[in-house]
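Novice: Quick one: structure below, then a few questions.
The values are calculated or read from the model by the stated rules, or taken from the named source; none is laboratory data. The structure presented is a predicted model; accordingly, all values stated were derived computationally and were not measured. Here the Cβ positions follow ideal geometry from the backbone for every residue, glycine too, while neighbour counts run over all protein chains shown.
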Amino acid sequence: MTPTTAPTASAFPEAVKEALFRTFQADLTPKAQISAEKVAGFYEIILGSDVFYVSEDGHHLFIGEVRDTLTGENLTDNTRNGLRKTAMATAKEAEMVVFAPEGDVKHTINIFTDVDCPYCAKLHDEVPKLNAGGVKVRYLAYPRAGKGSKTYNTMESVWCADNTQQAMTDAKARKPVPEKKCDNPLEAHLALGQQVGVTGTPAMVLESGELVPGYVPAERLLGYLEQKPMADNAEIAK
């Protein structure tokens, strides 16, 4: 089920509005989304990238994961995945550094990366294996040190290079990349990464909207992508 989108304040029951105001000392209803379809007796509230639950009478609020004990489905993750999927749809592939397979594309993964991150370099070494398995890799910039840092400047040069793929490979191999300036999406990528919950690199967002943090060997990632249905994020990160 999907949450009610762009609700008006009147869409929130009075008890829920009062509970939110008591908790946060502000009227959050103009910015929030609400759904009563997932958890009996509770409303699911979405505020930005945060998901929490308020009881129908407004007496209880909790932040955490809700699972369906009959199916094992993580209902909270489903909501978060949907939010990420929607957010990622705003990113333009033309503004990414893309490594595509020669044949058919079976899966597409988005990777928030930092050229000075050792595990990002390790994952990049396995991109040919991912491509051979039919996986398109789309890189978004996530220089952890932020704008103005050496890493940020290097990544700007990567994104502005005539051959962005080679520049990415060189940067991750600690080879020099000629300095170059241009209009680039680095700030937008950083903001998007923060929006979808990236806290470190590498961080992968799959087609389903699932966020997979950290390095995952290519063989394990390929196997995971072929699973039907997919396992919880934690399974792949082990």
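Novice: Does F52 satisfy being touching a strand residue (DSSP E or B) at 6+ places or on another chain (Cβ under 7 Å), in a strand (DSSP E or B), modelled with pLDDT under 95 and buried (at least 17 other Cβ atoms within 10 Å of the Cβ)?
Specialist: Against the criterion (touching a strand residue (DSSP E or B) at 6+ places or on another chain (Cβ under 7 Å), in a strand (DSSP E or B), modelled with pLDDT under 95 and buried (at least 17 other Cβ atoms within 10 Å of the Cβ)), F52 qualifies.
Novice: Considering only residues of segment 46-71 that are acidic (D, E) and in contact with a helix residue (DSSP H, G or I) (Cβ under 9 Å, 6 or more places away or on another chain), which is farthest from L211 (Cα to Cα)?
Specialist: D57
Novice: Give the residues of segment 201-220 that are closer than 20 Å to A145 by Cα, in contact with a strand residue (DSSP E or B) (Cβ under 9 Å, 6 or more places away or on another chain) and either surrounded by 15 or more Cβ atoms within 10 Å (Cβ to Cβ) or among the charged types (D, E, K, R) (or both), sorted by residue number.
Specialist: Within segment 201-220, T201, P202, A203, M204, P213 qualify.
Novice: Which residue out of G82, G72, G64 is of a type in the set (G, A, S) and either closer than 19 Å to V16 by Cα or touching a Pro at 6+ places or on another chain (Cβ under 8 Å) (or both)?
Specialist: Exactly one of G82, G72, G64 is of a type in the set (G, A, S) and either closer than 19 Å to V16 by Cα or touching a Pro at 6+ places or on another chain (Cβ under 8 Å) (or both), namely G64.
Novice: Can you find, within segment 170-185, the residue that is farthest from V97 (Cα to Cα) among those that are surrounded by fewer than 20 Cβ atoms within 10 Å (Cβ to Cβ) and either in contact (Cβ under 8 Å) with a residue 60 or more places away in the chain or within 24 Å of the chain's Cα centre (by Cα) (or both)?
Specialist: For segment 170-185, the residue satisfying everything is D183.
Novice: So L130 passes all but one of these: (1) surrounded by fewer than 19 Cβ atoms within 10 Å (Cβ to Cβ); (2) farther than 15 Å from H189 by Cβ. Which condition number does it fail?
Specialist: Evaluating L130 over (1) surrounded by fewer than 19 Cβ atoms within 10 Å (Cβ to Cβ); (2) farther than 15 Å from H189 by Cβ leaves (1) as the failure.
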